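Each reported figure results from applying straightforward, stated rules to the coordinates on display, with no laboratory input. This one's a predicted model, so the numbers in the text were calculated from it and none came from an experiment. Here the Cβ is made from the backbone with ideal geometry for all residues, glycine too, and neighbour counts use every protein chain on show.
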Amino acid sequence: MAGAALVHDERERTIRAEVQEELRRTLDGDDLLAPGAEEVERARQLIAARIAAAQRQATTLGQPPIADPRGLERRLLDDLLGFGALQPLLDDRAIEEIIVNGPRRVFAIAEGRKRLTDVTFADDDDVVRLLRRVIGPLGGRLDETSPMVDARLPDGSRLNAVIPPLATAPHVTIRKFLLRAKTLDDLVELETLTPEAAAFLGACVRAGLNILISGGTGTGKTTALNALGAAITGIDERVITIEETAELQLDTVLPDCVALSARAANVEGAGAVSIRALARNALRMRPTRIIVGEVRGEEALDMLSAMNSGHDGSMCTVHASGPREALSKLRTYALMADEALPAQAITEMIAEAIQVVVQLRLDAATHRRTVSHIYEVTGIEGDAIAGSDLFTLQDGRLVWTGVRSRREARLAAAGYAGAGRGGAK
């Protein structure tokens, strides 16, 4: 039995080497690293021909045939032109995230639940070879001098990898590009929002209120931002979206939307374009609104300046555990800017710029993403930003607190009848 397995492994290695050599001869470097449909089909035919030849040779030599030729074909194609052993996990639309902790521990996260998969690699070098082949066409580099990489895959997924000597084994995290909700109605259907809260937020967008979306990792901040952005209406609206990794799909939904993405430095350390540079450039593009995928540094100051200079209805997300923490983190980020503005001036900017904070959470028991707070900023009390919850979670359901918004007139003009009085007209 063990001998048959060895023969099978040897056949597979031989076929892989033959096909790889043929592909290197017939395809140029770019096609091999980033194959199109034509290159994939050529590789598929080549693999099928080599497997058929191996089957004929086995019959001639009286050896057992390849038990699963279709499975072998798929593995070889994934290994040579895809993501190897990870390809089935990437193809599974239910899986949101893939975690590789060395060659023997590969995890998948679906619907908020993590499980250990049966996917394995031969050894550490096998993982590193795959990573180098994947990031090569993306301008990335992974070796002892550059043992850490952060890259965006062609489908928009994020890949982060750390290899020795920074880690004891190769570690990979792939966060897949998934937008399960494209509108506020979709969020209601997913029970992330109640219809009443969705009506309120839709009116906030139409009324041009500036919105900060807050939450932890995997709580659905980008999905919520995309759904809120899709509520923007009118041909007069010109929206500029700015992201580290392109995930929003507003440029395919809104009539006048420009999607900008930051760029990391190349292997020579040149060519980087930061979020802050994009935010500054966006102001020269005549936007009515600016949407930043995630604020995580000094670009917070540019975002606040834009919100305070006529770009009503702008939005951004921040990583924080609550509305007050989100506003505090925004303040910290803005203070990091080279302008070195006084803390009180930043606090006043935030109080004037942000009107609504939407807080998201991932329920540990149900693994459901929900909006836990809709918080309204009302001004400054002393040295602190003041505000109040308009909607909060009670018994697992987002409900109105009874507090009326101080922007009722603007919301009414946008078609909102008021919480407790039927929502949107």
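Taking the DSSP beta bridges in the chain as the whole, what percent of them are antiparallel, to the nearest 5?
On the way: 45 of 65 bridges.
Percentage antiparallel, nearest 5: 70.
Grab the DSSP H runs of the chain that are 4 residues or longer, score each as -39,500 (n - 2.57), total them, divide by all residues and round the 222 nm result to the nearest 500 deg cm²/dmol. Spell out each step's value before the answer.
Numbers: 14 runs with 159 residues, N = 425.
When only DSSP H runs of four or more count, the value is -11500 deg cm²/dmol.
Give me a comma-separated list of calculated 3J(HN,Hα) values for the range 236-252, in order, Karplus coefficients 6.51, -1.76, 1.60 applied at θ = phi - 60°, integers in Hz, x for any Gly or Pro.
Taking θ as phi minus 60°, the curve returns 6, 6, 10, 10, 10, 9, 10, 9, 5, 10, 5, 10, 5, 10, 5, 5, 9 Hz for the range 236-252.
With springs only between Cα atoms under 10 Å apart, run a GNM on the chain and tell me which of Asp236, Asp256, Asp363 wobbles the most.
The residue that fluctuates most here is Asp236.
Residue by residue, what Karplus-based ³J(HN,Hα) values in Hz, rounded to whole numbers, does the range 167-173 have, using 6.51, -1.76 and 1.60 with θ = phi - 60° and x for Gly and Pro?
For the range 167-173, the Karplus-derived couplings read 9, 6, 8, x, 10, 10, 10 Hz, x marking Gly and Pro.
What's the angle, to the nearest 10 degrees (0 to 90), between helix 124-135's Cα axis and the longest principal axis of the chain?
Roughly 60 degrees between the two axes.
First check a/c for the range 83-178, with a ≥ b ≥ c the square roots of the eigenvalues of its C-alpha gyration tensor; if it is under 1.5, answer rounded, and if not, answer prolate when a/b is larger than b/c or oblate otherwise. Working shown, then result.
On the way: a/c = 1.84, a/b = 1.30, b/c = 1.41.
Oblate, because a/c is 1.5 or more while a/b does not exceed b/c.
Which of Lys114, Lys182 comes first, and how do the rest follow, when ranked by fewest Cβ neighbours within 10 Å?
On the way: Lys114 10, Lys182 17.
So the ranking, lowest neighbour count to highest, is Lys114, Lys182.
In the Gaussian network model of the chain, springs joining C-alpha atoms below 10 Å, which of Gly202, Gly62, Gly156 carries the largest mean-square fluctuation?
For the chain, modelled as a Gaussian network with Cα springs under 10 Å, the answer is Gly62.
Need the C-alpha centroid separation for the range 325-341 versus the range 258-324, integer Å.
So the separation of the two Cα centres works out to 14 Å.
With +1 on each Lys and Arg Cβ and -1 on each Asp and Glu Cβ, and nothing else charged, work out how big the dipole of the chain is about its Cα centre, in Debye to the nearest 20. Could you put the intermediate results ahead of the total?
Working: 51 positive and 60 negative charges, 141 e Å.
Using only the charged Cβ atoms, the result is roughly 680 debye.
Specify the angular offset, from 0 to 90 degrees and rounded to the nearest 10, of the alpha carbon long axis of helix 2-26 from the longest principal axis of the alpha carbons in the chain.
It works out to around 70 degrees.
Taking 7 Å along the Cα-to-C-beta vector as the label spot, tell me the Arg180-Thr252 distance in nanometres, rounded to one decimal.
1.9
Could you compute the FRET efficiency for Arg280 and Glu408, with r as their C-beta to C-beta distance and R0 at 35 Å, rounded to 0.05? Don't skip to the end; give the middle numbers.
Values: r = 35 Å, r/R0 = 0.99.
So the FRET efficiency works out to roughly 0.50.
For log10 I(q)/I(0) by the Debye sum over Cα atoms at q = 0.06, 0.08, 0.10, 0.14 Å⁻¹, pick the label among (i) -0.40, -0.60, -0.77, -1.15; (ii) -0.33, -0.55, -0.79, -1.25; (iii) -0.25, -0.46, -0.72, -1.40 that corresponds to the value derived from the coordinates.
Label of the calculated value: (ii).
What ³J(HN,Hα) values, in whole Hz, does the Karplus curve 6.51 cos²θ - 1.76 cosθ + 1.60 give for the range 308-316 when θ = phi - 60°, with x put for Gly and Pro?
Per-residue couplings from phi come out as 8, 10, x, 9, 4, x, 6, 8, 7 Hz.
Run the numbers on the chain and let me know its relative contact order in percent, using alpha-carbon pairs under 8 Å that are six or more apart.
Details: 751 pairs, mean separation 48.6, N = 425.
Rounded, it is 11 percent for the chain.
Return the single residue from Gln249, Gln20, Gln359 with maximal mean-square fluctuation; model: Gaussian network over the chain, springs between Cα atoms under 10 Å.
Gln20
Hey, if you put +1 on the Cβ of every Lys and Arg and -1 on every Asp and Glu Cβ in the chain, which of Val100, Thr392, Ala353 ends up farthest toward the positive end of that dipole?
Thr392
Select from the range 227-290 those GluC sites (Glu not before Pro) which occupy a DSSP coil region and have at most 15 other Cβ atoms within 10 Å, ordered by residue number. Can you show the working numbers first?
On the way: sites: Glu237, Glu243, Glu244, Glu247, Glu268; in loops: Glu237, Glu244, Glu247, Glu268.
Within the range 227-290, the qualifying GluC sites (Glu not before Pro) (loop, at most 15 other Cβ atoms within 10 Å) are Glu268.
Cα gyration tensor of the range 146-218, axes a ≥ b ≥ c as square roots of the eigenvalues: rounded (a/c below 1.5), prolate (a/b > b/c) or oblate? All intermediate terms of the calculation are to be shown ahead of the outcome.
On the way: a/c = 3.31, a/b = 2.85, b/c = 1.16.
Taking the square roots of the gyration eigenvalues as a ≥ b ≥ c, the range 146-218 is prolate.
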